[in-house]
Structure formats: C-alpha cells, structure tokens
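Q: Once you've had a glance at the structure underneath, I'll fire off some questions.
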Amino acid sequence: MDDQDRNRDRVLAGALADCAAGRSGGIDRLLAVEGAQMRGVARRMLGRDDLADEAVQDAMVLIWRKAAQQAGGAGSARGWIYAVLRNRCLTILRDGARLASLPPDDLTRLQEARQDLIPDEGWRLLAGPGRLGDCLQALDDHSRRAILMAHVAGFSHGEISARQGVPLGTTKSWIRRGLASLKECLS
Amino acid sequence: MTGADRAELTALAGDYALGLMSETEAALFETLMHRDPALAAEVAMLNDRLLPLDLSAPPAALPEGFAERVRARLRAAETGRDPAPGAWAGTEAATQGAANLSWAPWRRRAGLAAALALGVVLGLLGAVQRSVPQPLVVAVLLDDQGQPRAVIEDYGNDTAQIRFVSDVEVPPGTSIEAWTLPSQELGPVSLGVLEAARPSLLRGPDLPRPADAQLYEITLEPLGGSPTGRPTGPIIAKGLAAAQGL
C-alpha cells in the first residue's frame, strides 16, 4: 500500500464510520471517492447502465447497514466495499426472473460481452500494474482464466466448466490450485 | 478441528471471495465468518489481493442525483415502505405459510432435509474455537423458498442462540417467537420472544436434551409473543437440528 492508498483508505474508513453511526454524509463521501469506479465495475460485469446503477444502489444500502459490522474487521475498507458490490452484481446476474425482464437480444449481447471480458491475449490489463499481474502470469492458463472469469465476469463454477469444456470437478480444482499458488506468490 | 478441515475452510474462503457460492451457501458462509475471525481475515486478505481486478474496470461517472436516490432508499427502508428484496413479511408466500398447529405432517420434507444438511456442514465447519462452548445441535431455519433465514444453536442447558442470516421484516405490533418440538407429547415449546431480527440468547424452559433432527422454527406472533403458548402466526422459517459430534 502506498501513501495515496493509505490516505484513501483512511477517508473510506471514516466514511464507513459515519455510515455506522447513521450519518448519511458517509454515503456522499463514499460515492464521491469510489462511485465512478464502482459503477465501472458493475457496468463491466452487468453490461447495462440500468443494471449497474441498481447494483451500486443496492451495494450502498448494504454498506450502510453493515458498516458497523465491518468496523474493526480485517482487511481494507476499499476491499470490503468492492466485495459487497460484486456480491450484488452476482445476485442480479443469477436472478433469472430479473434478467428475463430484459429484451432477449439484450440478454444475448450481455452474455456474449461477458465472455469477451477475459481475452486469451491482453488479459494482463485486467490486473493493473502491480504484482498481481506477475503472479497471475505464473499460473497455468486454465487456472488463470477460470479465476478471472469468476472474479471479473461473475461466472459460476458451472458456467466456467461449460465454457472450458471440462467437468465441474476439474474447474473447481483448477481454481483452488490456482488461488493457492496466487496467494503464495503474493505473500 | 483437523488440519484437513482447516484446509477445506480456506478453500471455501476462496470460493466465497471469488463469488462462486450460491446465495444460500454464501449466507451460511457469512455466519461462519462471524464465528471465526481467522476465516473473515482470510476472505478480507483475498479481497485486498484481488482488488486490482476491480480497479481495472473503466470508471463510469454516476448519473446526476445518484447520492440523493440512495439516501431516499435508505429513508424509505427505515420507515418500512421499502422492505428489502426478498423480505418475508407481506409476501404471498407468507400468508400461505400460516402455522400448522399440529406441527405435522411436514409437506416440505425436501426443504427440511436441506436444512438438516446445512446444519451438519455449518456445525462441522464452524467447530473452530474449542475454547468456547459448543452447541449440542445446530438448526438452519429455511423459509418456504428454501432460503436460510436464521440459525439456532442449542447448548442444551436451556440456552440457545439465534442469529439471522437474512433480513426478516417484523411489522409494528408483532414479535418473532422461536419454538422447538422436543417430542410430540410435549408439543411445541417457546424458546423466547424477539422484538427484532437481532442475534439473541434464548433462555427457554427446562427441556430434554436437544436431539438430532429435532424441529426448530420461528413464527410471527402478536407483540410480546403468542397469547396461547403455542404458535399461532405464520411460520417465518423452520429446520431440523443437526447433532454436533464433539
């Protein structure tokens, strides 16, 4: 964590403390600092502005409610905020009834776009400039791709195994093995 | 807890952090994280390590008035006009689930079996801190959609603990009441009355030692609890206890 990250996390932790204490200014500050990035993450995974906005709103409501619980927890405020957001995106993605309300063409486009999120070449852009990219590079292609499909595009075990053309158990073990290597490399 | 259990928990933390669990599994895993700070720390560590993957998404400016819309939703939620998605009260399912006073027969055997299985898993995986008292049985209470709503851990010394794993709406003028069925002869016995869906310690009457597959449930009752001493309101969730072999 560099100084800029530390400062940011102090601001975010303060905003979460406000939320925990019921001061809605915490919401404004969280959105001022992270709102655009949060919407970007949700839009990448969900492929539509309306769904992305719904996900960010849901996430903010949850963050407001759970901020007190998170206070004093391990890990950074920022890491937690994006974990809450990704969970909301997944809930929307896996809500068959919610997606059935979309026009069929949109739904098809959405699924195809998610597929394209994880390119065979050029995936490194997804990992940013830090060490995560190097450590992902060191994984075997199957494990790396499966981990990125889950985290970035929100695919389930079943969807990943179907797209990789291997049994569910194989996908699961690729992911577990890959994540264990990744943790070791990053520690 | 054995090393193999610990390794399995660590692997599950990875599945959770990558979003690979179903909503039900994730809700149960969150109850485990509350009991096990090391598990919560493992998930937080993974979230932080993988955060660059979130930060690589191209930012998208929020539409005008977004913060105001969020605040309006929070206000609405506080005044009860906007029950959380999936909140149980007021749904059609709730009125269909009116309490069956005879407590039998159970039409949703499959759902109860699922709850029993979850209780076994939860107990196995949750038996982490040997220094703290361990419950004799764990019951995961599912609603009629099969979603986990609450977990009851019964310690057998007339003390049980209840935690909620998803939102339960308690309309004004009502209370939640927790029940168990130690035997058909005794019938349903109240474990305690809750004013809100908060984690609570339940101190029930002197009862036989809780058994495997004993039924637990929570119902919505008039404020202060059932006037008859038996469940009268709709069932919020129910489940069979899994004995913890410790």
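Q: For the subset of region A:53-69 comprising residues that are aliphatic (A, V, I, L, M) and in contact (Cβ under 8 Å) with a residue 24 or more places away in the chain, which member is farthest from residue A:153 (Cα to Cα)?
A: A:68
Q: Condition first: crowded, with 18+ Cβ neighbours inside 10 Å, under 21 Å from residue B:46 (Cβ atoms), within 11 Å of another protein chain (Cβ to nearest Cβ) and in contact (Cβ under 8 Å) with a residue 60 or more places away in the chain. Can you find one or more residues in region A:110-125 that meet it?
A: So far as region A:110-125 goes, yes, one or more of its residues are crowded, with 18+ Cβ neighbours inside 10 Å, under 21 Å from residue B:46 (Cβ atoms), within 11 Å of another protein chain (Cβ to nearest Cβ) and in contact (Cβ under 8 Å) with a residue 60 or more places away in the chain.
Q: Return yes when residue A:146 is assigned to a loop (DSSP other than H, G, I, E, B) and in contact with a helix residue (DSSP H, G or I) (Cβ under 8 Å, 6 or more places away or on another chain) and no when it is not.
A: no
Q: Also, quick follow-up: Look at region B:25-75 and say how many of its residues are in contact with a strand residue (DSSP E or B) (Cβ under 6 Å, 6 or more places away or on another chain) and of a type in the set (Val, Ile, Thr).
A: Selection size over region B:25-75: 1.
Q: Further question: Please work out which residue is farthest from residue B:224 (Cα to Cα), limiting yourself to region B:193-206 and to residues that are among the aliphatic types (A, V, I, L, M) and surrounded by fewer than 18 Cβ atoms within 10 Å (Cβ to Cβ).
A: B:201
Q: Could I ask something else about it? Is it the case that some residue within region B:28-44 is part of a loop (DSSP other than H, G, I, E, B), crowded, with 18+ Cβ neighbours inside 10 Å and modelled with pLDDT of 75 or more?
A: Checked against the condition, which is being part of a loop (DSSP other than H, G, I, E, B), crowded, with 18+ Cβ neighbours inside 10 Å and modelled with pLDDT of 75 or more, region B:28-44 yields at least one hit.
Q: Are there any pairs with C-beta distances below 6 angstrom linking a residue in region A:79-97 that is within 17 Å of residue A:51 (Cβ to Cβ) to a residue that is of a type in the set (Lys, Arg) and surrounded by fewer than 23 Cβ atoms within 10 Å (Cβ to Cβ), with the two at least 6 apart or on different chains, and if so which?
A: A:92/A:98
Q: Which number in (1) in contact with a Lys or Arg (Cβ under 7 Å, 6 or more places away or on another chain); (2) on the phi < 0 side of the Ramachandran plot marks the one condition that residue B:19 misses?
A: Among (1) in contact with a Lys or Arg (Cβ under 7 Å, 6 or more places away or on another chain); (2) on the phi < 0 side of the Ramachandran plot, residue B:19 violates only (2).
Conditions (1) of a type outside the set (Lys, Arg); (2) crowded, with 22+ Cβ neighbours inside 10 Å, marked per residue:
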residue	(1), (2)
A:6	no, no
A:13	yes, no
A:25	yes, no
A:29	no, no
A:39	no, yes
A:50	yes, no
A:54	yes, no
A:61	yes, no
A:71	yes, no
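Q: A further question on this structure: Just one of A:35, A:128 is at the interface with chain B (Cβ under 7 Å from one of its Cβ atoms), touching a Pro at 6+ places or on another chain (Cβ under 6 Å) and farther than 23 Å from residue B:21 by Cβ; which is it?
A: Matching residue, one of A:35, A:128: A:128.
The values are calculated or read from the model by the stated rules, or taken from the named source; none is laboratory data. Computed from a predicted structure; not experimentally measured. Positions of Cβ are backbone-derived with ideal geometry, glycine not excepted, and every protein chain shown enters the neighbour counts.
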